[in-house]
1. What percent antiparallel are the DSSP beta bridges of the chain, to the nearest 5?
2. Send over the Kirkwood Rh of segment 1-104, from the inverse of the averaged 1/r over different Cα pairs, rounded to one decimal Å.
3. Return the calculated 222 nm mean residue ellipticity for the chain, to the nearest 500 deg cm²/dmol, obtained by summing -39500 (n - 2.57) across DSSP H runs with n ≥ 4 and dividing by the residue count.
4. Tell me the chymotrypsin sites (Phe, Trp or Tyr not before Pro) within segment 86-154 that lie in a loop according to DSSP and have at most 10 other beta-carbon atoms within 10 Å.
5. Around residue 81, which amide H atoms from residues at least 5 apart in sequence, or from another chain, sit under 5 Å from its own amide H, with H modelled in the peptide plane?
6. Hey, what do the phi angles of segment 114-128 turn into as Karplus ³J(HN,Hα) couplings, whole Hz, using 6.51/-1.76/1.60 and θ = phi - 60°, x for Gly and Pro?
7. Considering the convex hull of the alpha carbon atoms of segment 117-168, report its projected area averaged over all viewing directions, in nm², one decimal.
8. What ³J(HN,Hα) values, in whole Hz, does the Karplus curve 6.51 cos²θ - 1.76 cosθ + 1.60 give for segment 101-113 when θ = phi - 60°, with x put for Gly and Pro?
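What follows draws every value from the coordinates through simple rules; no lab data is involved. All values reported here derive from a predicted model rather than from experimental measurement. So basically every Cβ, Gly included, is an ideal-geometry build from the backbone, and we count neighbours across all protein chains shown.
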Amino acid sequence: MFIVRGSIWKFGHGIDTDIIIPARHLVLPLEEMKHKVMEPIRPRFAEEVNPGDIIVAGRNFGCGSSREQAPVVLRGIGIAAIIAVSFARIFFRNAINVGIPVIECGAIYDEVEEGEQVEIDLATGTIRVLGRDRLFMGSKLPEFLLEIVINGGLISHLVKEKNQKDGN
């Protein structure tokens, strides 16, 4: 059982990659870029978020360009998982590739408030709202994608597989 637990940060529908990390900041080193996450709609988000926090968002999270930096900076500030009504497909795969669990769950969006605590069982796709003991069924990642996330992203996963194959 792989459990993620954290506080909710709630965002609306159609949050595109230019909102997550505006294009003008892509020239910055990652350590500086992280301070610009969600700047167009929440300028202090990067300062207020805590490692382990979870984003709950509406439809089409991560739409727009296919910039890989969007999930990279979210992971860089410590986002532990993203639950959304739906994801842009390229963002979804980029998030998996950098080790962020992404769960689709349409039912939870209207039922939770920012700051509430949730617990996600990535193996089953269940999401529990702590303190209210509400349970939601989200999407379950296929086993091969869950392994990539658990191993910290695609590169770490491939290195681990190679080391196992080589007997290290």
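1. Percentage antiparallel, nearest 5: 50.
2. About 13.3 Å for segment 1-104.
3. Counting only the DSSP helices, I get -8000 deg cm²/dmol.
4. none
5. 55
6. Taking θ as phi minus 60°, the curve returns 4, x, 5, 9, 10, 10, 10, 9, 5, 5, 10, x, 7, 10, 10 Hz for segment 114-128.
7. Averaging across all directions leaves 4.4 nm² for the Cα convex hull.
8. Per residue, the Karplus-derived 3J(HN,Hα) values read x, 10, 10, 8, 7, x, 6, 7, 3, 7, 9, 10, 10 Hz.
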